[in-house]
Amino acid sequence: MSHEKTKGQQVATTKGQQVKKIKGLRVTVLQLDKTMQIEAYTGFSKKYKPVSEIVVKWLQLNFKGTRATIQRSGQRQSIVIEKMEPGDDLLALHSFPLSKKHLTIVTEGLIKDLKRNGFLQFLVHPRRRALSQKQQQKQAAVHEANQLVKKVKEGAVVREGATSTMEQVFEDTRRNKVALAEIEGTVEHIALHSLSDAMSVLAGLKKSDQTYGHCIDVGAIFQSAYSRILQRTKRPNVFRDEKQSLLSAFLHDVGKAKIPREILDSRTPFANDSKEMQIMRSHPVHGAKLLSKMDMSVHTIKMAHYHHVKVDTTIISSYPKEVSYADVPWETRLISIIDSYQALVGRRSYKKPWPPPATIRYLEAMIGMEYDEAVWLEFYQIMGPYPVGSVVKLNDGSLGFVMHVPDTEPDRPRVTVVRNAKGEDLTLHPLIDLQTERDVSIIADLDNEAVFGKKSLDVFTNLRIS
Ligand SMILES: [Fe+2]
Ligand SMILES: [Fe+2]
C-alpha cells in the first residue's frame, strides 16, 4: 500500500474563501505508523456526516480547543470545535492545541482509538526524531559551558569592584575604623547571583595582585569548592550560610592590614629568618584579634588565625608556632590549600604566575607535610588536574580551555577547542567531552599567558561554544 503524496489539502474555508492549506502526506488509518505525526484528521465514518448531538458533545469533550472544518447549510467553515452544532458535516479536525498532542503523535494505542471512533483518513508528516540521550547530554553541556562564559564575564566585573572594596577594608582597618558594610554588600551580590563558581575560574585567567585580589580569589575558590564538597560528602556546614563562609574566606588575611606597607608591598622576597618575615608572619594573630573584636564566628576567627599552620608544625612556613595541627578545623585546612593555590597562580612582585595544572602538581607533592591528605583529596576531586579555565593541548594538536571537571573522572574534563592543530584561531568553539570521546586525550597543559599573552580572560569571555 503506497502513500499518496499531496501538496496540501484545502481543509478550511470561510464564506467560500480558502483560508488554510494543511500540508502533509495523505494516509488512511491502516497506513498510520509510529514514525508519523498527524497534522489533520480528514476522513470520517458516516456518523460525522451529519453529527448528532451526542457526537457533538463527545467531540467537544475530546478535542477541546481544536479547530474543525465543517459544512453547514452547504457552506464550508473553519470553527473551533466548541462552536460545532448538531447537523454539521465534519470535514476535518486540525490545529490541535498543545494539550491535545497525544491525539497527533501516532502510537499503537492511538491507532486503535482512531479506528474504533471512525477516523479514517489523515494528513501526516514524519515525526521529528527525538534527540538521543547522547545528543541531549551534549546540548546540556554546551548550554552549561556558554552559561559559565556569561557568568565569568559578569564575575570579572564584580571581582574588580570587590578588589577595590577589599582595599578599602584594609585602609579602614589601618585607621582602626572597621567598616564591613561594603564588603558585605559584595558578598550579598555574589551569593544572590551565584557567582562564586565563575569567579573561582578568574584566578587562573587574569592574575590577581598579591593582597586584595588575592583575598577575593581565595574567597571565591573557597566558596565554590566548599559548597561543592558539602554537596558531595554531606559534611555539615559550620557556617550560618553561604554569605558567612564567603565573608570568612575574604577576610582570612585581614590581619595583613596591621603589617607595615613597606613590608606588605615589598617587591623583593624576604629571607626566611629575617625580621620582616617575622613581622609578616604575625598577620594571622592580628587577623584573629580584629575578627574577635568584630564578634565574628569561631570558624571565621580560626580561618584567619590558623590558615598558615601546616601538618608538620615544625617547618618554618608553619605559624603561629604554638598551635597544634589537631586544633586546625577542617574548613581552615581547606582554605590553607586554597591560599597556597591562589598565591602560586596569582601575580606576585617577586615571582611569575603559575598555570593552575602546574600548581596542582606542586601542591600535591606537599601533601602530608604541609596539607592534610583527606582534605586535599576532596579539593582535588573538585579542581581536577586541570582546573576549569586551564589551557590544554589535545592529542590532535588543538588547544582549548577546560570548561568542566566531572566528578567521576576529574582527569577527563570537557574542553572547548579555540585553536586548531594548524595554529588557526576558531570562531566557533566545539565542546569535546573527554568522558565520552575516549580517543581524545590531553597531552599537555600550557601556560595561558604564554599562549594568549594578557588576553586569556578576553579569549575566554568571547568563547562561542557549539
Ligand atoms: Fe595569610
Ligand atoms: Fe592569604
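Observations
- Residue within segment 363-370 that is within 15 Å of ligand 2 (Cβ to nearest atom) and out of contact with any helix residue (DSSP H, G or I) (no Cβ under 7 Å at 6 or more places or on another chain) present: yes
- Residue list for segment 422-443, filter: more than 17 Å from H404 (Cα to Cα) and surrounded by fewer than 12 Cβ atoms within 10 Å (Cβ to Cβ): K422, G423, E424, D425, T427, L428, D439, I443
- The residues of segment 400-426 that are at pLDDT 95 or above and among the β-branched types (V, I, T), listed by number, are V402, V405, V415, T416, V417, V418.
- Entry remark, segment 242-264: residues being away from ligand 1 (no atom under 15 Å from the Cβ) and either among the polar types (S, T, N, Q) or in contact (Cβ under 8 Å) with a residue 40 or more places away in the chain (or both) number 6 in total.
- Within segment 171-226, considering residues that are within 16 Å of ligand 1 (Cβ to nearest atom) and without any contact (Cβ under 8 Å) to a residue 60 or more places away in the chain, the one surrounded by the most Cβ atoms within 10 Å (Cβ to Cβ): G219
- Taken over segment 277-333, residues that are small (G, A, S) and within 14 Å of ligand 1 (Cβ to nearest atom) amount to 6.
- Residue within segment 48-55 that is closer than 15 Å to L123 by Cβ and crowded, with 19+ Cβ neighbours inside 10 Å present: no
- Looking at segment 248-348, the helices (runs of 4 or more DSSP H) lying wholly inside it that each contain 1 or more residues that are within 36 Å of the chain's Cα centre (by Cα) and within 16 Å of ligand 2 (Cβ to nearest atom) sit at 283-293, 298-306, 330-345.
The values are calculated or read from the model by the stated rules, or taken from the named source; none is laboratory data. Given the structure is predicted, the values throughout are model-derived calculations rather than measurements. Heads up, the Cβs are rebuilt from the backbone with ideal geometry, glycines too, and the neighbour counts pull from every protein chain shown.
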